[in-house]
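Data block below; observations after.
The values are calculated or read from the model by the stated rules, or taken from the named source; none is laboratory data. Not measured: the values here are computed from a predicted model. Neighbour counts are summed over all protein chains in view; Cβ atoms, including those assigned to glycine, are modelled from backbone coordinates with ideal geometry. Accessible surface areas use protein heavy atoms only, side chains included; no ligands, DNA or RNA. Shrake-Rupley method; radii C 1.70, N 1.55, O 1.52, S 1.80 Å.
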Amino acid sequence: MTCEEAEVLLHALIDGELDAGHAREVEAHIEGCPHCAELMQEYREISQAMAATDLRYKAPLELRRRIEKALPQPQAAPSRRSVLRGFAMGSAVSAMAATGLVAIVLRNDDAQRIEAEVVSAHLRSLQAGHLIDVVSTDQHTVKPWFNGKLDVSPPVIDLTAQGFTLVGGRLDYVDARAIGAVVYKRRQHVINLFVAQTANTERRAAKISTLQGFNIRRWSDRGLNYWAVSDIGADELTEFGDKFETAMQANKEG
Amino acid sequence: MVVNTSQDDPEKARRFREAALPYLDDAYTLARYLLRDAADAEDAVQDCYLRAYKHFDSYRGPAMKPWLFAILRNVCRAEFARRKTAPTAVEEVPESAEQAPMWHETPDNPERQMLRRFDGDVVRKLIAALAEPFRETFVLREIQNLSYREIADVAAVPVGTVMSRLARARAMLRTAWLAEQEQVK
């Protein structure tokens with residue numbers, strides 16, 4: 001091999017793009033050629049330094065908005081009828097709880113704010129190319145990864161056999177606190193399961209709500225609050241939550 | 001069987017957003033380097049996403065990023081044509097640009113030490129100064145982490161061309177970096 005050839009091929013070697021045969025040829029040449037060896041070493045260092053330098057640009061928020069607006073909306077607007085039904089239900093609940101109205105309103109406000117934050121975190125995870133910090137379908141890899149990163153160890157349960165594939169875990173921020181997100185997939189749909197500590201250890205049954213077209217299933221158990229967020233249907237999200245809770249129960253008893 | 005091909009199919013819109021929007025920063029980064037202008041880059045990326053949505057039915061995967069990039073590249077080339085400043089062809093690259101004195105330093109040269117940490121702004125400027133085909137190949141490889149095969153598909157050239165362009169791009173960038181260091185001193 002000539003130096004001229006090696007000077008081109010060494011780049012492919014650095015990039016891991018050469019097949020074994022060519023890689024051996026280039027390596028053989030480099031071993032016997034101080035000039036090319038020097039060059040190889042130098043380009044390797046440049047490549048590493050380049051990878052360590054932030055050379056990317058961030059798309060302006062305005063551009064993101066423009067594109068979002070120009071694309072057809074993914075979710076049909078809720079029909080007038082369902083809005084009215086929701087409203088009627090809301091009034092019935094308020095009437096029943098008239099005495100504790102203030103407390104309920106305050107708690108709902110807080111819960112709604114956190115739900116909005118959880119949905120934002122879900123959206124961020126889909127859009128910023130930052131869905132997963134630790135990629136693994138193995139619960140025994142994902143769970144230890146959270147250790148030392150959070151004040152709580154989120155339960156990581158493999159539900160692949162039940163039709164919800166565990167794909168990894170991520171650190172996120174909700175309510176100005178670090179929070180664990182365990183990521184599942186159902187077909188091509190992402191389910192983020194956010195887990196945070198709560199002072200309240202009593203079990204609270206699941207509630208399904210909808211925000212910005214996303215379904216949220218919220219429940220509490222043994223000092224942990226859970227929010228499962230996804231664009232899958234409420235029935236499927238309920239199924240996910242039920243299977244998760246059943247598996248949790250089985251884990252404790254087993 | 002009736003296939004819904006409506007442009008406003010909400011399921012298609014949802015799938016497209018989920019598949020394509022995560023690459024918005026990548027697309028914008030590529031457009032910035034190709035067009036060297038922030039406003040033009042924004043327009044090109046928006047145009048790219050709308051075109052991609054239109055052709056989403058024919059998308060067969062598997063990698064969304066190179067597919068978007070190929071569309072974006074076409075949009076950028078249309079922009080070049082509009083500017084009437086066609087990108088420098090490979091043949092027109094000045095000889096000096098590729099005549100890099102690559103082996104004139106000793107291994108302990110202090111410049112070697114400087115190479116280990118780059119100043120992002122300086123490197124961005126140096127990349128922007130590369131002639132178009134080299135800049136494109138370099139950005140797709142070093143910043144977008146595409147494989148040679150993917151770069152070849154995006155740029156519609158053989159893999160061998162990708163390899164030689166990348167080698168020359170790196171040589172030019174290295175020379176420019178050393179010259180920059182020379183000036184600083």
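The accessible-area loss of segment A:208-243 on complex formation, taken against its chain alone with a 1.4 Å probe, reaches 30 Å² or more at A:Asp231.
Other residues within the sphere of radius under 12 Å centred on the Cβ of A:Asp172, judged by their own Cβ, net out at +1 (K and R +1, D and E -1).
Distances between placed amide hydrogens fall under 5 Å for A:Val174 paired with A:Ile179, all partners being 5 or more residues away or on another chain. Checking every one of the trypsin sites (Lys or Arg not before Pro) in segment A:195-243 against DSSP loop status and a limit of 11 other Cβ atoms within 10 Å picks out A:Arg203, A:Arg222. The simple Förster model, with R0 at 45 Å and r as the Cβ-Cβ distance, assigns A:His35 and A:Gln162 a FRET efficiency of 0.15. Quick check: net charge around A:His122, other residues with Cβ under 12 Å of its Cβ, Lys/Arg +1 and Asp/Glu -1? Its environment carries a net charge of -3. For segment A:220-249, the residues whose amide N sits under 16 Å from a probe point set 7 Å from the Cα of A:Arg203 along the beta carbon direction are A:220-226, A:241-249. Going 7 Å from the Cα of B:Gln183 toward and past its Cβ, which residues in segment B:126-142 have a backbone nitrogen under 12 Å from where you end up? Counting only backbone N, you get B:126-127, B:129. A straight chain from A:Glu25 to A:Leu171 at 0.36 nm per residue would run longer than the Cα-Cα distance by 48.1 nm. With 23 Å as the limit on Cα-Cα distance, the pairs of A:Lys58/B:Lys54; A:Lys243/B:Lys12; A:Lys69/B:Lys65; A:Lys69/B:Lys125; A:Lys143/A:Lys243 that go past it are A:Lys58/B:Lys54; A:Lys243/B:Lys12; A:Lys69/B:Lys125. The stretch between A:Ala70 and A:Ala111, if pulled fully straight at 0.36 nm per residue, gains 11.5 nm over its current Cα-Cα span. If the segment from A:Ile132 to A:Asp151 were pulled out straight at 0.36 nm per residue, it would be longer than the present Cα-Cα gap by 4.9 nm. If you take the Cα centroid of segment A:199-219 and the Cα centroid of segment A:1-71, the two points sit 48 Å apart. Chain B against chain A buries an accessible area of about 4800 Å², both chains summed, 1.4 Å probe radius. In segment A:131-253, the portion of solvent-accessible area held by carbon and sulfur atoms comes to 50 percent [1.4 Å probe, whole percent, DNA, RNA and ligands not counted]. Applying a DSSP loop filter and a limit of 14 other Cβ atoms within 10 Å to the GluC sites (Glu not before Pro) in segment A:151-254 leaves A:Glu202. Amide H contacts of A:Ser136: A:Gly168, A:Gly169, each under 5 Å away and 5 or more positions distant or on a separate chain (H built 1.01 Å from N in the peptide plane; Pro and chain starts excluded).
For the pair A:Asp242 and B:His55, label points projected 7 Å from Cα toward Cβ lie 4.5 nm apart. Inter-label distance, A:Ala52 to A:Asp235: 5.5 nm, where each label sits 7 Å from its Cα along the C-beta direction. Hydrodynamic analysis of segment A:172-254 uses the Kirkwood radius over alpha carbon pairs. Inserted into Stokes-Einstein at 25 °C and 0.890 mPa s, it gives a translational diffusion coefficient of 185 µm²/s.
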